[in-house]
Amino acid sequence: MTAKARISAINRFISGCKADNIYNDLQAACVMAGWDGLAGALTPLVGASPTNSGLSTYDRGLGITGDGSGFVNSNYSTSSLSSQNDFHLSVFPSSVNEATSTTYHAIGSGGDVYLRDNVTNEVFRPNSLETVQKAGSAEAGYLLASSLDGGSLTTRLNGSSDVTTGTPQAPSSTPIVIFGGSGVSSQETLSFYSIGSATDLALLDTRVSQLMADLRAIEGASI
């Protein structure tokens with residue numbers, strides 16, 4: 001029954017995203033919580049199957065925990081986008097890392113696209129020229145994301161969105177990796193990531209947050 005409940009929760013998430021007209025924006029996405037092990041955690045919701053490079057700690061209902069060096073290769077690069085000014089990147093942390101050094105939640109395209117935490121500011125970089133900061137470090141239970149739509153860059157942190165000017169990025173065949181890369185990786189527990197075309201981050205945040213709450217409730221009820 002527990003497995004069926006998890007599947008039902010994910011199906012509700014998909015249906016909700018379709019109702020919000022944001023599901024097609026998810027071109028590479030993975031629900032890294034709710035399964036029985038890493039194999040399930042790395043089964044894609046949509047898009048290419050990600051590749052695990054060194055991570056081994058998995059908590060059902062929470063996701064995969066970074067170890068400071070391993071990462072998950074999404075096998076999705078910005079050269080796959082239909083337009084270079086139509087892009088989003090998001091991760092959902094179920095726990096956060098209070099390390100004093102810079103850690104990367106996600107990084108890709110030769111370093112030109114990333115979400116990072118340098119403790120005092122979250123940094124969203126849509127290309128090799130711009131670094132957009134939002135005050136405060138990411139809190140657990142909120143989507144950390146950026147979305148570039150034409151010349152408009154939306155950033156979302158701790159349930160709050162800001163809009164500023166963004167410049168389209170140059171395409172790259174370098175895949176985006178989750179948890180960063182060797183030496184700069186996050187040690188947080190991440191429950192979800194998505195990459196794809198520009199989307200409504202507030203709607204995505206609401207849907208992912210509800211999905212994670214549903215999955216945690218299912219695990220709590222099964223104990």
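Some points to look at:
- Residue count for the stretch 38-59 under the criterion of being of a type in the set (S, T, Y), assigned to a strand (DSSP E or B) and more than 26 Å from Q169 (Cβ to Cβ): the result is 2.
- Residues of the stretch 120-133 classified as under 17 Å from the mean Cα position of the chain (by Cα) and in contact (Cβ under 8 Å) with a residue 24 or more places away in the chain, total: 3
- Within the stretch 121-137, considering residues that are among the charged types (D, E, K, R) and in a strand (DSSP E or B), the one nearest to T103 (Cα to Cα): E122
- Residues that are under 25 Å from A198 (Cβ atoms) and not β-branched (V, I, T), drawn from the stretch 34-49: P44, L45, G47, A48, S49
- Within the stretch 141-152, the set of residues being buried (at least 16 other Cβ atoms within 10 Å of the Cβ) and either more than 17 Å from the chain's Cα centre (by Cα) or assigned to a loop (DSSP other than H, G, I, E, B) (or both) comprises G141, Y142, L143, D149.
- Taken together, the residues in the stretch 96-139 that are at pLDDT 75 or above, of a type in the set (A, V, I, L, M) and either exposed (fewer than 15 other Cβ atoms within 10 Å of the Cβ) or closer than 21 Å to T167 by Cβ (or both) amount to 8.
Condition check ((1) hydrophobic (A, V, I, L, M, F, W, C); (2) out of contact with any Leu (no Cβ under 8 Å at 6 or more places or on another chain); (3) assigned to a loop (DSSP other than H, G, I, E, B)) across all residues:
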residue	(1), (2), (3)
E139	no, yes, yes
P171	no, no, yes
G180	no, yes, yes
S191	no, no, no
T206	no, yes, no
S209	no, no, no
A213	yes, yes, no
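- Residue in the stretch 60-74 that is outside any loop (DSSP other than H, G, I, E, B), within 15 Å of S194 (Cβ to Cβ) and free of Cβ contacts under 8 Å to residues at least 12 places away in the same chain present: no
- Scope the stretch 31-69; condition farther than 17 Å from S95 by Cα and surrounded by 20 or more Cβ atoms within 10 Å (Cβ to Cβ); matching residues: W35, P50
The values are calculated or read from the model by the stated rules, or taken from the named source; none is laboratory data. Keep in mind that what you see is a predicted model, and the values were worked out from it rather than measured. All Cβ positions, glycine included, derive from the backbone under ideal geometry; neighbour counts span all protein chains shown.
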